[in-house]
Amino acid sequence: MATKRRLWIDTDTASDDAVAIVMALKHPNTEVVGMSVVIGNVPVEMGVQNALYTAELCGVRVPVHAGAAAPLVRPFATAQHVHGADGMGSIGLPLTGRVATSNDAVHALIEAFRSEPGELELVALGPLTNLALALRIEPRLAQWVKRCVVMGGTGVLPGNITPLSEFNWWVDPEAVHIVLESGMNVEMVGWDVSVADAVIEDPLAAEIRALSPLGAFCVDIQKVLRIFCEESSKLKGFDWPDPIAMAVALEPDIASREAHRRVEVSLGQGHERGQTIVDHLGNTKRTPNCRVVYRVDRERFIGMVKAACIA
Ligand code: RIB
Ligand code: CA
């Protein structure tokens, strides 16, 4: 068997992050060496509980470190109206009482990559605050990370938190700028990919739910997201941005359309706060800094989700 892919996951653990974590923990050729939690969907301490609960449900012991409790400079709001007050669909799961490995995710992340330079891959499923703080402390981190798959931004419009911006990049645009300018090997899986290839309609959700107790967990925690998607994103189901980004992290050749592009982020206010700026035509003449994934093989993605639920 090929050598295992070894991942560090940075997450603002809510209902779609949790499914991405299940996919990684249950993937046959992957080892999750640690997780760092960041503010985003829910307050960071809630994200820690959700990550610990999800790992416990998968029967996997993995270090979970609490990280940034606020963006670098911006005022912001969580997305509990999207995922539920507890981030996990408010279905009454026992999401309290677990203990984080540490409250210093930034240094834990730095030390993990320092100890194995070029060996570990990073998957970022939330705002990039932890990553930016780590890069400010230790700029060499950009070289130590083998590849960094980011769920965030949007390769093509619209955004989901404003007409121009995706939530993770809207929360902390300064952090995104630091990461994009760091020289790190970044791969962007934007919200446009989720809407195009990761919408789970009700019949498919029922299929996944029926697979196993883990399948039921993955679907049931989307209860609030399902309502939000119907009312706000006008989707006949819910979309899974973090799971499809994790699919690209776990099996990079699942991407069916991609390009190496110069990507920047707007540091403006209002609608353009956190807007993704993709130089599709190369007319900035600036060096491309990101593998932009535009489409993914949907059937293979659904197969990966189902395989994780029965692993
Ligand atoms: O815009 C979607 C992203 O924002 C996902 O990562 C979701 O979990 C939220 O963090
Ligand atoms: Ca997320």
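Throughout, read-outs are computed from the coordinates displayed, never taken from laboratory work. What you see is a predicted model, and the numbers here were worked out from it, not measured in a lab. Heads up, the Cβs are rebuilt from the backbone with ideal geometry, glycines too, and the neighbour counts pull from every protein chain shown.
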(Q) How high is the relative contact order of the chain? Use alpha-carbon pairs under 8 Å, at least six apart in sequence, and give a whole percent. (A) 20
Q. Packing-wise, with mean Cβ within 10 Å as the measure, how do 252-259, 83-90 rank, highest first?
A. 83-90, 252-259
Q. Gap in Å between the Cα centre of the stretch 33-71 and the Cα centre of the stretch 6-21?
A. 8
Q: Choose one of Gln269, Gly159, His27: the residue whose Cα lies farthest towards the positive end of the charge dipole of the chain (beta-carbon charges +1 Lys, Arg; -1 Asp, Glu; about the Cα centre).
A: His27
Q. What are the ³J(HN,Hα) values, in whole Hz, obtained from phi via the Karplus relation 6.51 cos²θ - 1.76 cosθ + 1.60 with θ = phi - 60°, for each residue of the stretch 224-235 in sequence order, with x given for Gly and Pro?
A. 6, 4, 4, 5, 4, 5, 5, 7, 9, 7, 6, 9
Q) Given the pairs Lys4/Lys306; Lys26/Lys223; Lys236/Lys306; Lys4/Lys236; Lys234/Lys306; Lys223/Lys306, which span a C-alpha to C-alpha distance of over 27 angstrom in this model? A) Lys4/Lys236
Q: Amide H neighbours of Thr30 under 5 Å, at least 5 residues apart or on other chains, H built in the peptide plane: list them.
A: Arg5
Q.
Can you give me the long-range amide H partners of Asp239? Hydrogens built in the peptide plane at 1.01 Å from N, cutoff under 5 Å, separation of 5 or more residues or another chain.
A. Ile200
Q: Could you please state, rounded to a whole Å, how far the C-alpha centre of the stretch 96-151 is from the C-alpha centre of the stretch 224-279?
A: 21
Q | Most mobile listed residue (Lys223, Lys26, Lys285) in the chain, GNM with C-alpha springs under 10 Å | A | Lys285
Q: Would you mind telling me which residue in Gly274, Gly118, Gly190 has the biggest mean-square fluctuation in a Gaussian network model of the chain, where springs connect alpha carbons within a distance under 10 angstrom?
A: Gly118
**Q.** Whole-Hz couplings from phi, Karplus 6.51/-1.76/1.60, listed for the stretch 8-18; x for Gly and Pro
**A.** 10, 10, 10, 8, 10, 2, 9, 5, 8, 4, 4
Q. Taking Rh as the Kirkwood radius computed over C-alpha pairs, what is the Stokes-Einstein D of the stretch 201-311 at 20 °C in a medium of viscosity 1.002 mPa s, expressed in µm² per second?
A. 131
Q. How large is ³J(HN,Hα) for each residue in the stretch 94-107, as worked out from phi by the Karplus curve 6.51 cos²θ - 1.76 cosθ + 1.60 (θ = phi - 60°), to whole Hz, x for Gly and Pro?
A. x, 9, 9, x, 8, 10, 5, 5, 7, 9, 10, 4, 4, 6
Q) Taking the chain as a Gaussian network, Cα atoms linked when under 10 Å apart, which of Ala132, Ala77, Ala68 shows the biggest mean-square fluctuation? A) Ala77
(Q) What's the magnitude of the charge dipole for the stretch 53-188 around its Cα centre, counting Lys and Arg as +1 and Asp and Glu as -1 at the beta-carbon? Answer in Debye, nearest 20. (A) 80
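Which value in Å is the Kirkwood Rh of the chain over different Cα pairs?
Roughly 18.9 Å, rounded to one decimal.
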Q.
Across the stretch 127-175, what fraction of all alpha-carbon pairs, as a whole percent, falls in each successive 10 Å bin from zero upward?
A. 25, 44, 25, 6
Q) Using helices alone, what [θ] at 222 nm do you get for the chain, with -39,500 (n - 2.57) per DSSP H run of 4 or more residues, divided over all residues and rounded to the nearest 500? A) -11000 deg cm²/dmol
Q. In the chain, what percentage of the DSSP-assigned beta bridges are antiparallel, given to the nearest 5?
A. 35
Q) Amide H to amide H under 5 Å from Cys290: which residues, 5+ apart in sequence or cross-chain, H placed 1.01 Å off N in plane? A) Arg261, Val263
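For the chain, give the magnitude of the charge dipole about the Cα centre (Cβ charges: +1 Lys/Arg, -1 Asp/Glu; no others), in debye to the nearest 20.
My answer is approximately 440 debye.
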